[in-house]
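What follows is a single structure, written as structure tokens, with notes after it.
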Amino acid sequence: MAQLQGQDHLDVPENTIVPEKIRAGIALQINGEGYRHTGDPDMPLLWYLRDVLQLTGTKYADAKGLGGADLVLIDGKATSAITVPMGKLAGRQVTTVEGLAGADGALHPLQQAFIDEDAIGCGYCTAGWLIAGVDLLRRHPHPSDADIDTLPNLCRCGCQSRVRKALQRAGTAKGAQA
Ligand code: FES
């Protein structure tokens, strides 16, 4: 550093600049990849997925996550992404709809069943149904109507009966319960 002539130190009052602590960050896995969030720990997971990672398959439902469009799997359990802050996710495994297909691009059996049953209208609700369905099939490999009725998801396009068929079709498919 260049020496200032005739001056031993810069004339700056003490404590003018308060250094910010380095944030160690929140390490988590999303769709099998490691990430470290160093921003606001109160940021909802949904905004991290959509705005930071550009994973826009998961949709905004409302501030409480009603309707299920914002569901993701956290450690295998379907959870509303708008209600979970990043600060709660250290060491957790998150799977979004973008992570349901296999590494070779093969669709998850439930995704295939949605196609086979034509269970997609505008598609806004579809990611949430798929995530809720994967969780349901893990707990109830052959879901009954009553099991499906426990899901929180809504479809404004009126696809519920075809979604129901897709879920029951996937229950007979190999690998749907993984
Ligand atoms: S397909 Fe449009 S809201 Fe469900």
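With (1) within 15 Å of the ligand (Cβ to nearest atom); (2) among the small types (G, A, S); (3) assigned by TED's automatic domain parsing to the domain that holds K77 as the list, and G91 as the residue in question, which single condition is left unmet?
Among (1) within 15 Å of the ligand (Cβ to nearest atom); (2) among the small types (G, A, S); (3) assigned by TED's automatic domain parsing to the domain that holds K77, G91 violates only (1).
Out of the residues in segment 55-88 that are farther than 18 Å from I131 by Cα and under 13 Å from the mean Cα position of the chain (by Cα), which is surrounded by the fewest Cβ atoms within 10 Å (Cβ to Cβ)?
P85
Can you tell me which residue among G65, G102 is more than 23 Å from R156 (Cβ to Cβ), out of contact with any Gly (no Cβ under 8 Å at 6 or more places or on another chain) and of a type in the set (G, A, S)?
Only one candidate qualifies: G102.
Return the residues of segment 1-37 that are surrounded by 13 or more Cβ atoms within 10 Å (Cβ to Cβ) and either modelled with pLDDT under 80 or part of a loop (DSSP other than H, G, I, E, B) (or both); say none if nothing qualifies.
G25, N31
Looking at (1) within 16 Å of the ligand (Cβ to nearest atom); (2) free of Cβ contacts under 8 Å to residues at least 60 places away in the same chain; (3) part of a helix (DSSP H, G or I), which is the one condition that is false for C157?
Answer for C157: the failing condition is (3).
Do we have D70 as of a type outside the set (G, A, S), touching a Lys or Arg at 6+ places or on another chain (Cβ under 8 Å) and either at pLDDT below 95 or in the same structural domain as L55 (by TED's automatic domain parsing) (or both) here?
When the stated conditions are applied, D70 passes them.
Find the residue count for segment 102-126, including only residues that are within 16 Å of the ligand (Cβ to nearest atom), touching a residue at least 60 places away in the same chain (Cβ under 8 Å) and assigned to a helix (DSSP H, G or I).
The total comes to 2.
Please go through (1) surrounded by fewer than 20 Cβ atoms within 10 Å (Cβ to Cβ); (2) touching a helix residue (DSSP H, G or I) at 6+ places or on another chain (Cβ under 7 Å) for T96 and return the number of the only condition it doesn't satisfy.
(1)
State all residues of segment 155-178 that are buried (at least 16 other Cβ atoms within 10 Å of the Cβ) and among the aliphatic types (A, V, I, L, M); if no residue qualifies, say none.
V163, A166, L167, A170, A176
Rundown of residues vs (1) at negative phi; (2) more than 13 Å from the ligand (Cβ to nearest atom); (3) in contact with a helix residue (DSSP H, G or I) (Cβ under 6 Å, 6 or more places away or on another chain), yes/no style:
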| residue | (1), (2), (3) |
| --- | --- |
| G128 | yes, no, no |
| D135 | yes, yes, no |
| P141 | yes, yes, no |
| T150 | yes, yes, no |
| S161 | yes, no, no |
| Q168 | yes, yes, no |
| T172 | yes, yes, no |
| G175 | no, yes, yes |
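What's the total number of residues in segment 127-154 that are over 18 Å from K59 (Cβ atoms) and part of a loop (DSSP other than H, G, I, E, B)?
Residues that pass the stated criteria total 6.
The values are calculated or read from the model by the stated rules, or taken from the named source; none is laboratory data. Just so it is clear, the model here is predicted, and its values are computed rather than measured. Note: ideal-geometry Cβ built from the backbone for every residue, glycine included; neighbour counts use all protein chains shown.
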